[in-house]
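Engineer: Have a look at this one before I ask anything.
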Amino acid sequence: MRRYSRITGTGSYLPPRRVTNADLVAELAQSGIQTSDEWIVERTGIRARHFAAPDVTSSDLALEAARKALEAAGCQPQDIDLIIVATSTPDMVFPSTACILQNKLGANGCPAFDVQAVCSGFVYALTVADAMIQSGAARRALVVGAEVFSRILDFQDRTTCVLFGDGAGAVVLEASDTPGILASELHADGRYVDILCVPGGVSGGEVLGHPLLKMDGQAVFKLAVGLLDKAARATLAKANLTDADIDWLIPHQANIRIMQSTARKLKLSMDKVVVTVDQHGNTSAASIPLALDHGVRTGQVQKGETLLLEGVGGGFTWGAVLLKL
Ligand code: ACO
């Protein structure tokens, strides 16, 4: 009998400090940066985001989300035999945020590692966990997306600093006789490294380069719309399904206009799309599991429904996962 993987619990966590557009406009004005609620809402759909306190790390946010996902799945940290954390804002250069999370959870012993694919990170991590479960290498995985993106924002650059937020989302993925994850697609094209990057590093005890986010927003926008549609169609085709079979689209929450365009191409109305970008901003690898958990806990998304998760991000990376909840 074929072995599948299935999501048995979801959880998420947002740091308590909620920053509305009005708050951010006022803060930025103090350093001479002009923006407005109207511009941010019209171009992105974002109305608020959450920022973590200075001493809070990605693993702290991941821990809260993981605990909720474990509780929803009815299992204990010791029941987990694989931990994957998708993040571009790790606590340290090393060890991985997954190892730090493992220790905080008290789930020591199982394999734990990070996946770095920026905003596509959760789709990558879920696909890797699915493959490991299908192969028999794991039975019950904790897959987390966690970010403190506020740490890598350039608050002198109004074209990017208004877009991102902090948060974490998690799922428990278990071996199952029935699907579960139906199909997935992962891609990367390193020719586009420069359009979205944090071009800094650590060497000889010093930070080299520019360790803050830089983005060519229009180039990202144009690439994202086409690539997301291609990935969605390829994933559906792998599972012998069509766009009419999708109950919910749960996209990476970067910009409402990208989400609307993707939905339109898939002939889905916006009430079939889980939208959290208005309240969370772009939380990079955390955005898809945050939106998934939001959909589950608000009762929008029901067990047995077919979900298409998809994301694009720095790299350039992109991908999609089609699953039955
Ligand atoms: N407030 C006010 N005005 C602004 C702001 C701001 N915060 N930012 C830029 N502007 C101005 C610009 O200076 C420009 O003014 P000008 O015409 O006088 O030169 C004008 O607004 C238009 O700027 P554009 O860059 O053309 O605006 P655009 O409509 O392209 O929207 C945006 C910018 C929102 C960044 C959009 O391009 C976008 O969403 N891109 C995709 C981003 C994305 O999806 N990223 C996902 C991956 S993220 C990851 O992997 C980490």
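The values are calculated or read from the model by the stated rules, or taken from the named source; none is laboratory data. Quantities reported herein were computed from a predicted structural model and do not represent experimental measurements. So basically every Cβ, Gly included, is an ideal-geometry build from the backbone, and we count neighbours across all protein chains shown. Keep in mind that these areas ignore ligands, DNA and RNA; they rest on the heavy atoms of the full protein, side chains included. Shrake-Rupley method; radii C 1.70, N 1.55, O 1.52, S 1.80 Å.
Engineer: Quick one: if the Förster radius is 56 Å, what FRET efficiency do residue 191 and residue 78 give, using the C-beta to C-beta distance and rounding to 0.05?
Structural biologist: 0.80
Engineer: 7 Å from Cα along Cα→Cβ at both residue 43 and residue 247: what's the point-to-point distance in nm?
Structural biologist: The two pseudo-label positions are separated by 3.8 nm.
Engineer: Counting only Cα, what are the radius of gyration and maximum Cα-Cα distance Dmax of the range 4-176, in Å?
Structural biologist: 17.5, 56
Engineer: Given a 1.4 angstrom probe, I'd like the percentage of the accessible area of the chain that is carbon and sulfur, rounded to a whole number.
Structural biologist: Carbon and sulfur atoms account for 53 percent of the accessible area of the chain.
Engineer: Could you check which residue among 257, 140, 67 shows the biggest mean-square fluctuation in a GNM of the chain with a 10 Å Cα cutoff?
Structural biologist: Highest fluctuation among the options: 257.
Engineer: So if we plug the beta-carbon distance of residue 20 and residue 56 into 1/(1 + (r/R0)^6) with R0 = 22 Å, what FRET efficiency do we get, rounded to 0.05?
Structural biologist: Computed FRET efficiency for residue 20 and residue 56 comes out at 0.65.
Engineer: Taking the DSSP beta bridges in the range 191-312 as the whole, what percent of them are antiparallel, to the nearest 5?
Structural biologist: Given both bridge residues lie in the range 191-312, the antiparallel proportion sits at roughly 55 percent.
Engineer: If you don't mind, there's one more thing I want to ask. Find how much the distance from residue 131 to residue 233 grows on full extension, using 0.36 nm per residue of separation minus their present alpha carbon separation; answer in nm with one decimal.
Structural biologist: 34.7 nm
Engineer: Semi-axes of the range 181-324's equivalent ellipsoid from the Cα gyration tensor, sqrt of 5 times each eigenvalue, largest first, rounded to whole Å?
Structural biologist: The three semi-axes for the range 181-324 are 29, 17, 14 Å.
Engineer: On to the next question. How big is the chain on each of its three principal axes, counting only the C-alpha atoms and giving the largest first in Å?
Structural biologist: Sorted largest first, the three principal extents are 63, 46, 38 Å.
Engineer: By how many nm would the segment from residue 29 to residue 202 grow when fully extended, if each residue of separation counts as 0.36 nm and the alpha-carbon distance is taken off?
Structural biologist: Roughly 59.1 nm would be gained on extension.
Engineer: At 7 Å along Cα-to-Cβ for each site, give me the label-to-label distance between residue 222 and residue 264 in nm.
Structural biologist: 1.7
Engineer: State which helices in the chain qualify, where a helix is a whole DSSP H run, it must extend 18 Å or more along its own axis by its Cα atoms, and its mean Kyte-Doolittle hydropathy must be at least 0.5.
Structural biologist: Long hydrophobic helices here: 121-135, 217-238.
Engineer: Greater than 30 Å separation of Cα atoms is the criterion. Which listed pairs, 68/265; 214/272; 214/324; 230/324; 214/267; 68/230, meet it?
Structural biologist: 68/265; 214/272; 214/324; 214/267; 68/230
Engineer: Given a Förster distance of 35 Å, report the FRET efficiency between residue 154 and residue 67 from their Cβ-Cβ distance, rounded to the nearest 0.05.
Structural biologist: Efficiency computed from Cβ-Cβ geometry: 0.60.
Engineer: Related question: Taking the chain as a Gaussian network, where each spring joins two C-alpha atoms under 10 Å apart, which residue of 27, 64, 206 fluctuates the most?
Structural biologist: The residue with the greatest mean-square fluctuation here is 206.
Engineer: Then there's this: Pulled fully out, how much extra length does the chain show between residue 305 and residue 3, if you take 0.36 nm times their separation in residues and subtract their Cα-Cα distance?
Structural biologist: 106.7 nm
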